[in-house]
């Protein structure tokens, strides 16, 4: 087809660029295979050139042999560029520069039209494909991070000898940390944000479909950088990679730094894309008071990610130049400041917690009305809670630095702002328990995950107030108590919520129901293991066990043994849950388009969801969550005293 | 209702009781409301032992050995007590939702039978007010305690300018991979790798590091501060209990971070002075 105009849905379109050859052009030949191939070729090539250029006597500013450092860095950069090139990430702009802009047919090809399963291993722009790809990537990173967690707990459970060398153990804790942070950041916003949000707001795709695919494949490139770092010594400094300790690490540190630099780009792109989509592409009639709470959650998370990640990226770029070119941003010998690094890092580090928590909380609130068959309790409070968290999220970072001696006077205001954040978080808890209140419980897996989430979040939240308090933090900072606390928040609330969210949307994403029995067994096994692991970790922290240690005094043995047993139970539970996902995906019960009887837009689409989601764009005419019947108690009350009772709910 | 037996909850007519009061009273009579309240109390009492269990775990190796640590433990105790009611209430709702309110299972979408409650002004206001008051209480408590602890640890004012500063013992703490060194400048620069402290006498710590960031944590004394390369951080404490306690590094500092720990010996004044003499520390202060 080489006509200059096309007809879309019976409407004559403005002039299209002429079509050269088959739709898709060179994109027809590019997929994950060519991406990997080009990436490896570029990595090896760049590494080889740098190896040839680096004299064997050269050293880095920290007097390490420069060869491995420079070769690895060049290899990583080569990998990222080559991989993205081989995936076809730059085809759009390249063709535009060459005067052969993408045509409508090209765009449809890139969206995966008529490609079948092949579209899942290509640079596909369809948001549903990207969502599924994100889900797979998330599971892979979780598997990687989870395996490392098992190794860590093995080391800590074996209290009578060292299982791993300190080098390997330290790289385990750092890589586990950052892998899980990345996985949790994308766990909800990636799969559900991409797959569900456009459908939920009644749009045909994201605002920038190609950027959508770009963010996903940048993430893949970053993840490979991270995993590769394990093979060159790893990053041995905890995920925070405090300087100047970071400069002592083996070349694996570069893998971490490049991962963060690339991941921050990926996050920025994804955030802008989601925010633009939500702001501009909501269906007619979907006013802000009719927008589902999950959309608010994703928007808030994207907004926080957008301002927080640049700090992290800067900190790692500066640390990278310190390491490779001898700049002294963080080197106190030459007037650099270690506190500068800590500030930059935690300016990301704390908003990042809410980047993780808010989407899971929001997807929880989104699914609760469906399974309790009643509206969300205090929709406005839920929005207020999210807005409050976003507003305060940027003002609390220095509570990670109470004990650094950086500026003791600022501990006062940061304690204030940190404890204030319990109020908007409390709003979200209120909305959750208010929605539980008197609801008919439909005992399905997604709702069961919500019980787990609220339970864990209460424990994580309450232990958080000890840590937010400077005097108590003077004891707890840097101890196992902190580790237990943030696992209760990020894993107990974040991951269990994400499991619920994925179980909820599984039928829409895969066309099959997530196996109720196996999934529940996995979920509750993991839940029990979780309480054992991190409950006893609180005890270890209270006893005074520092975090990130390889060996410890005998008094901590018992709590660590329990913790390790619990960790294996979590591992077992997660494997069962993973098995439920895999078996259900391949051979589960086929789902109808709307198996949960939900009233929101994303469930009104056909199954499988057609390329452009909606044949005719929907118009929203009512508030979300119109479930339930008028409260019989209210009617009784009205009848009793003749008062005019405000009619609420379905009308 | 018969005329002879007015229902016990019927308002007397005419009534000037405000309708909202009436609704609250009516609400309290509902069985689930009573159950949730009962559950809240039961769960609250079940959680109550935590207040002491937390402290018991903290006190295993002899804490509190200073007023600072005492303040920390009081804070933990108070925060636990304050958070129990709200935690108990949330757990009570979860439990009652699992056990008390109606259940449907099976794959069929259940009928819409739940009450369409989109909000509750009294409930939401109550929650906001209570949670804000709790947060305010935590903040005020924290600020007061922080001021207290800062005073007890001599803030960042140099030793000479402190009230009674001349009497205080100064210890220069240096972290390096992976040992602690304690220098006593008032005692001819006597150095030790075990921290000897006199009981009931103010001690100032000038903390620094030779290489990477460490964290000087005198566990049972409740002292914790980073040891930063290129900077000196200051803190202090008055140990009030003789005994053997622990110093641990609480900031990942490289390969042997786990082994960067040593002992604190808090000695009576006489024992401390004789230790100083025997170790060649010259004059005693």
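Determine one quarter of the surface area of the Cα convex hull of the protein assembly as shown, which equals its mean projected area, and express it in nm² to one decimal. Present the calculation step by step, with values, prior to reporting the outcome.
Values: hull surface 177.0 nm².
Convex hull of Cα atoms, orientation-averaged projection: 44.3 nm².
Stokes-Einstein at 4 °C, 1.567 mPa s, Kirkwood radius from Cα pairs: D for segment A:453-504 in µm² s⁻¹? Write out the running numbers ahead of the final one.
Values: Rh = 11.3 Å.
Once the numbers are plugged in, D ends up at 115 µm²/s.
What does the average come to when, for each residue of peptide B:92-105, you count the partner chain Cβ atoms lying within 10 Å of its Cβ? Display every interim value, and only then the final one.
Details: counts 1, 7, 9, 2, 3, 12, 5, 1, 2, 7, 6, 4, 7, 5.
Rounded to a whole number, the mean comes out at 5.
I need A:231, A:436 ordered by Cβ neighbour count within 10 Å, fewest first. Kindly include the intermediate steps, with their values, before the conclusion.
Numbers: A:231 11, A:436 24.
If I rank by nearby Cβ atoms, fewest first, I get A:231, A:436.
If you average the C-alpha positions of segment A:316-386 and of segment A:513-575 separately, how far apart do those two centres end up, in angstrom?
Value for the Cα centre distance between the two parts: 25 Å.
From Cα pairs below 8 angstrom and at least 6 apart in sequence, can you work out the relative contact order of segment A:26-112, rounded to a whole percent? Could you put the intermediate results ahead of the total?
On the way: 102 pairs, mean separation 32.9, N = 87.
Computed over segment A:26-112, the figure is 38 percent.
Hey, what's the Cα Rg ratio for segment A:467-614 versus the globular rule of thumb, 2.2 N^0.38 Å? Walk me through the intermediate numbers first.
On the way: Rg = 20.2 Å, N = 148, 2.2 N^0.38 = 14.7 Å.
It is 1.38.
Could you work out the mean projected area of the convex hull around the alpha carbons of chain B, in square nanometres to one decimal? Could you put the intermediate results ahead of the total?
On the way: hull surface 103.1 nm².
Mean shadow area of the hull around the Cα atoms is 25.8 nm².
Which three semi-axes in whole Å describe the equivalent ellipsoid of segment A:417-544, each the square root of 5 times a Cα gyration tensor eigenvalue, listed largest first?
Values for segment A:417-544, descending: 30, 18, 11 Å.
Any idea how far the Cα center of segment B:167-235 sits from the one of segment A:430-456, in Å?
That distance is 50 Å.
Pairs of alpha-carbon atoms within less than 8 angstrom and 6+ residues apart define the contacts here; what relative contact order does segment B:159-278 have, in percent?
Values: 290 pairs, mean separation 31.1, N = 120.
It rounds to 26 percent for segment B:159-278.
Using only the Cα atoms of segment A:128-602, what do you get for the radius of gyration and for Dmax, in Å?
In Å, with Rg to one decimal and Dmax whole: 21.4, 66.
Counting alpha carbon pairs within less than 8 Å and at least 6 residues apart, what relative contact order, in whole percent, applies to chain A? Can you show the working numbers first?
Numbers: 1117 pairs, mean separation 84.8, N = 651.
Across chain A, relative contact order equals 13 percent.
If you bin the C-alpha pair distances of segment A:189-332 every 10 Å from 0, what whole percents do you get?
12, 35, 25, 17, 9, 2
Would you mind pulling out the separation of the Cα centroids of segment B:33-56 and segment B:92-129, in Å?
22
Calculate the mean, over all residues of peptide A:462-469, of how many other protein chain Cβ atoms lie within 10 angstrom of the residue's Cβ. Before the final figure, lay out each step's value.
On the way: counts 9, 3, 0, 8, 8, 0, 5, 12.
Mean inter-chain Cβ contacts per residue within 10 Å come to 6.
For chain B, set up a GNM with springs between Cα atoms under 10 Å and report which of B:147, B:250, B:116 has the largest fluctuation.
In the Gaussian network model the winner is B:116.
Just the Cα atoms of segment A:518-579: what Rg and Dmax do they give in Å?
13.1, 40
Can you tell me the 0 to 90 degree angle between the C-alpha axis of helix B:31-47 and the longest principal axis of chain B, rounded to 10?
20
For segment A:221-274, with equal point scatterers placed on the C-alpha atoms only and solvent neglected, what are the log10 I(q)/I(0) values from the Debye formula at q = 0.23 1/Å, to two decimals?
-0.80
Write down the Å³ per residue value for the convex hull defined by the alpha carbon atoms of segment B:46-161.
Working: hull volume 21.2 nm³, N = 116.
Hull volume over Cα atoms, normalised by residue count, gives 183 Å³.
Of all DSSP beta bridges in segment B:159-278, what percent run antiparallel (nearest 5)?
In segment B:159-278, approximately 70 percent of DSSP beta bridges are antiparallel ones.
Note the direction-averaged projected area, equal to a quarter of the hull surface, for the Cα convex hull of segment B:191-270, in nm². Intermediate results must be reported in sequence, preceding the final value.
On the way: hull surface 20.5 nm².
In nm², the orientation-averaged hull projection of segment B:191-270 is 5.1.
At a 10 Å Cβ-Cβ cut-off, how would you order B:129, A:328, fewest neighbours first? Walk me through the numbers before you get to the answer.
Values: B:129 10, A:328 16.
Final ranking by Cβ density, sparse to dense: B:129, A:328.
So what's segment A:26-112 giving for Rg/Rh, alpha carbon basis, Kirkwood Rh from the mean inverse pair distance?
On the way: Rg = 17.6 Å, Rh = 14.7 Å.
Reported Rg/Rh, Kirkwood definition of Rh: 1.20.
Sum -39500 (n - 2.57) across every DSSP H segment of at least 4 residues in the protein assembly as shown, then divide by the residue count to get the 222 nm mean residue ellipticity, nearest 500.
Values: 27 runs with 515 residues, N = 936.
Computed mean residue ellipticity for the protein assembly as shown: -19000 deg cm²/dmol.
Considering every residue in B:219-229, what mean count of other chain Cβ atoms within 10 Å of its Cβ is obtained?
Numbers: counts 6, 2, 0, 4, 2, 10, 7, 12, 2, 9, 8.
The per-residue average across the peptide is 6.
Please arrange B:270, A:553, A:105, B:188 by counting, for each residue, the other beta carbons lying within 10 Å of its beta carbon, fewest first. Could you put the intermediate results ahead of the total?
Numbers: B:270 9, A:553 15, A:105 18, B:188 12.
Exposure proxy ranking, most exposed first: B:270, B:188, A:553, A:105.
Only the coordinates and a few stated rules stand behind these numbers; no lab work does. Computed from a predicted model, the values in this text were never measured in an experiment. Cβ atoms come from the backbone with ideal geometry, glycine included; neighbour counts cover every protein chain shown.
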